[in-house]
Amino acid sequence: MVGTPVLFIVIPLLAAFLIPLLGMLWKELVRIVPGLVLAYMLVLSVNLLNHVLIYGPIVEVIAGWRPPLGINLVFSAFSGFLVTLVVFMGLLIWVYSYRFKRNVDFEPAKKYFLLLMMLITGSVGIILTGDIFNMFVFIEITGISGYALTAFYTGRDSAEASFKYLMLGSIASTFLLLAIMIIYSQVGTLNMADIASKMHTIKPVYKIISFIFFITAIGIEAEIFPLNGWAPDAYTEAPGPVGAAFAGIVVKASVYAIVRYVYTIFDLSGAYDFLILIGLITLIMAETAAIRQERLKRMLAYSSIGQMGLVMVAFGMGTEEGVFAALFMILNHAIIKSLLFFSGSYLVYNSKHKYIKEVNGMSKYLPITSLLFALGAFAIVGLPPFAGFWSKLSMLTAAADSNMLFIIALVLIVSVVELVYYLRVVNRIYFFNKEEKTEPKKPTFNALIVMITLGALILVIGFYPDAITGILHKASADLMDKGQYIHDVLSLNK
Amino acid sequence: MKKIIVIILLGTLGFYTAHTFFDIGFGFPHFEHGIKDVYLQKTVSDLKVSNTVTSIVVNFRGFDTLGEVTVLFLAVTALGGILYKRRHEVGERSVLFSASSIVTSGSKLLFPAIILLGVYVFIHGHLSPGGGFQGGTIIATGFLLMLLTYENYSVNHTVLSLVESLAGIAFAGIGLLGFMHGGTFLQNFIEPGVLNNLFSGGVIPIIYIMVGFKVGAELTGVIYTVLHEKG
């Protein structure tokens, strides 16, 4: 054993408490330490994932009380894969923003790295925990870091965006608490596996009411329509890396929470159809909104919401192929959308309103960034040699296997819509002449490294999808096996 | 039309929600096999703690408490970041009229008593109602009283963040010590002692005292930051 899952939470917390002190010694430490912590978490998660793929899930007990008495963490193939992805994206975002606001006030920059690290830790906690109230605590940690990061620029607009997010997030917390209360009043336990094994004893009306509260609460974080009103504002007003962190990390963790509730905890058969329904509505609403946007970051935000709708639909199929497709899309979405956010924010770096028309002719000034943006755009639409193609293909085959032809039709139509609005931007970058006003900003060295890494990953997965499908198959099999999960956690009692 | 549909939907949901909560009937025993009896029994037999709430908050679900402490820490950090002003911009507080001599001398008298009460509450968290969160809040109200009474009363920010950080590190550190000695994080690795003694319950009172320091320092910091925001 190389380490245990609890270190994913404890090490960042120790670092977070330590950072204000270290900042008094040497200011640079507040930037370096979060990066070291994230690198450590990445090493740990890769090691643990290798271990788990061979020997089966790790269930960690906390405070010496076996489940259901105490809290436990579960590092299985499914949660381990997501943790590794989240931590990897977190590390890339840290590298990208390492020189962020270096010459400006020291104080907000200090908070920035601390909050970013806690945003990632909270998301990792949501994924690892095996206890519904503990999940609530981690959703709070993620949420508060998110509100603060949205308000980073302390202007009027960012304050408004942050306030919107704060209000919706508080409603989400309240609803989540109500749902937990209903569940606890019926089964007398907060442990996920224990609840899952006692779920059949709950009266249907309680089940449905608490399920509605759960979905509403987590749907706000997961940007499901119509609960995603905060998202486009927050993506626009927050600093570029924070937008990537929302799309690549927070949304992933929230989708994990929804999936865990639908697949493991609740035994409502209608929940799967419900996922398909909300997924489809989210997809259609977001894509039609994306095509109408005039600002680049808003367009990317709506496109991101639409992609998550697609992931919901894939999870809603309830088959192993569906889960496989959903996980593949989560992976691709994290990589590609982050690349689009990173390169996109350099394309409109110095413009005030971030209009799409301001990227005109940027390819002459920022050749590498433009190329990477185009690569990302082609990949997310799902053109063949890139990563996005394989995930959309697996989505289509999964839908065909479960005889859901309308999903196939819809996915294809949506792909055309995506093609239209992404090619529109790429067209402007390459074939329009530059208008005056905006001064192009050269990407920093760190940013360039991160963007090239992401671009290379898109190509690698595009040409060798087999490199990743083995892990994805194991992860999806792990999610489908509810009985095994309950057994793994509760057998510690014996 | 749209409004009518919304009203009908909300009404249905509201009815069933209200019905559910009415039906649960809080305050009556519901389940035979829940974990509550085990908590009640093990608190006394294993942990030697007389306050069950404390044993649940600090030991059985101590991981949640570590998370909640972090939530508070983050809220304070975020507030400090958003309301941050450069040194020379920190404004004088706007005071309509200064406090009368009755208030100033009275609060001087009350301040030590409030701090003492707060310290008492969090030190006796495992014996009597209360604990770190409550005690820390009481201490912060003491500072609030002083800040409201004296316009120029100032709190040293370096000391506050030192207390805050060290208490947090101590909490997580005690958890890690439990990991080394007992095998699981936050394990109670000190001998619990005799029930109802001040020195009993193993690590539980130590953790709760740390929580008390942390909460007290953080809430004082919040009050100070908000009071000195330039309006």
Flagged in segment A:175-192 as part of a helix (DSSP H, G or I) and either at pLDDT below 90 or within 12 Å of another protein chain (Cβ to nearest Cβ) (or both), in numbering order, are A:F175, A:L178, A:A179, A:I180, A:M181, A:I182, A:I183, A:Y184, A:S185, A:Q186, A:V187
Just to be sure before I move on: is B:G132 more than 14 Å from chain A (Cβ to nearest Cβ) and in contact with a Lys or Arg (Cβ under 8 Å, 6 or more places away or on another chain) in the structure I sent? yes
A careful count of residues in segment A:8-27 that are more than 7 Å from chain B (Cβ to nearest Cβ), in a helix (DSSP H, G or I) and aromatic (F, W, Y) gives 1
Residue check, A:S269 farther than 27 Å from A:Y112 by Cα, more than 14 Å from chain B (Cβ to nearest Cβ), polar (S, T, N, Q) and open to solvent by 10 Å² or more (accessible area, probe 1.4 Å)
yes
Exactly one of A:F211, A:F113, A:F225, A:F175 is aromatic (F, W, Y), in contact (Cβ under 8 Å) with a residue 24 or more places away in the chain and open to solvent by less than 10 Å² (accessible area, probe 1.4 Å), and that residue is A:F113
A:V250 meets each of (1) surrounded by 24 or more Cβ atoms within 10 Å (Cβ to Cβ); (2) modelled with pLDDT under 90 with one exception, condition (2)
Scanning segment B:173-225 residue by residue, those of a type in the set (F, W, Y), within 11 Å of chain A (Cβ to nearest Cβ) and out of contact with any strand residue (DSSP E or B) (no Cβ under 6 Å at 6 or more places or on another chain) turn out to be B:F189
For A:L149, the lone unmet condition from (1) in contact (Cβ under 8 Å) with a residue 40 or more places away in the chain; (2) farther than 28 Å from A:H333 by Cα; (3) open to solvent by less than 10 Å² (accessible area, probe 1.4 Å) is (2)
Next on the checklist: Given the condition within 19 Å of B:V71 (Cβ to Cβ) and in a loop (DSSP other than H, G, I, E, B), answer yes or no: does some residue in segment B:146-155 qualify?
Outcome noted: no
In segment B:169-218, anything over 21 Å from the mean Cα position of the chain (by Cα) and part of a helix (DSSP H, G or I) is listed as B:L176, B:L177, B:G178, B:F179, B:M180, B:H181, B:G182
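The rows are residues; the columns are (1) within 14 Å of another protein chain (Cβ to nearest Cβ); (2) closer than 23 Å to A:R295 by Cα; (3) in a loop (DSSP other than H, G, I, E, B); (4) open to solvent by less than 10 Å² (accessible area, probe 1.4 Å).
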| residue | (1), (2), (3), (4) |
| --- | --- |
| A:I195 | yes, no, no, yes |
| A:K198 | yes, no, no, no |
| A:V205 | yes, no, no, no |
| A:A217 | yes, no, no, yes |
| A:A234 | no, yes, no, yes |
| A:G243 | no, yes, no, yes |
| A:Y256 | no, no, no, yes |
| A:Y263 | no, no, no, no |
Open item on the list: Considering only segment A:58-69, I want to know if a residue exists there that is within 14 Å of chain B (Cβ to nearest Cβ), open to solvent by less than 10 Å² (accessible area, probe 1.4 Å) and of a type in the set (F, W, Y).
Closed with: no
#### Entry: Any chance B:N156 is away from chain A (no Cβ under 14 Å) and out of contact with any Ser or Thr (no Cβ under 9 Å at 6 or more places or on another chain)
no
task = Go through the residues of segment A:76-90 one by one and say whether even a single one is over 21 Å from A:A301 (Cβ atoms), within 11 Å of chain B (Cβ to nearest Cβ) and out of contact with any Cys (no Cβ under 8 Å at 6 or more places or on another chain).
result = no
Restricted to segment A:146-174 and to residues being hydroxyl-bearing (S, T, Y) and in contact with a Ser or Thr (Cβ under 7 Å, 6 or more places away or on another chain), the residue farthest from the other protein chains (Cβ to nearest Cβ) is A:Y165
Test: B:G80 is open to solvent by less than 40 Å² (accessible area, probe 1.4 Å), modelled with pLDDT of 80 or more, under 30 Å from B:G168 (Cα atoms) and under 29 Å from the mean Cα position of the chain (by Cα): no
Here the residues within segment B:122-137 that are touching a residue at least 60 places away in the same chain (Cβ under 8 Å) and assigned to a helix (DSSP H, G or I) are B:F122, B:I123, B:G132, B:F133, B:G135, B:G136, B:T137
| said: Tell me whether segment B:36-56 contains one or more residues that are open to solvent by 40 Å² or more (accessible area, probe 1.4 Å), among the β-branched types (V, I, T) and at the interface with chain A (Cβ under 9 Å from one of its Cβ atoms). | reply: yes
Within segment A:272-298, restricting to residues that are of a type in the set (D, E, K, R) and farther than 11 Å from A:G316 by Cβ, the one that is surrounded by the most Cβ atoms within 10 Å (Cβ to Cβ) is A:E287
The residue that is farthest from A:F113 (Cα to Cα), considering only those in segment A:28-43 that are β-branched (V, I, T) and within 14 Å of another protein chain (Cβ to nearest Cβ), is A:V37
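The values are calculated or read from the model by the stated rules, or taken from the named source; none is laboratory data. Computed from a prediction, not measured in an experiment: that's the story for all the values here. Cβ atoms come from the backbone with ideal geometry, glycine included; neighbour counts cover every protein chain shown. Each accessible area value is taken on the protein alone, full model and side chains, heavy atoms only, with ligands, DNA and RNA left out. Shrake-Rupley method; radii C 1.70, N 1.55, O 1.52, S 1.80 Å.
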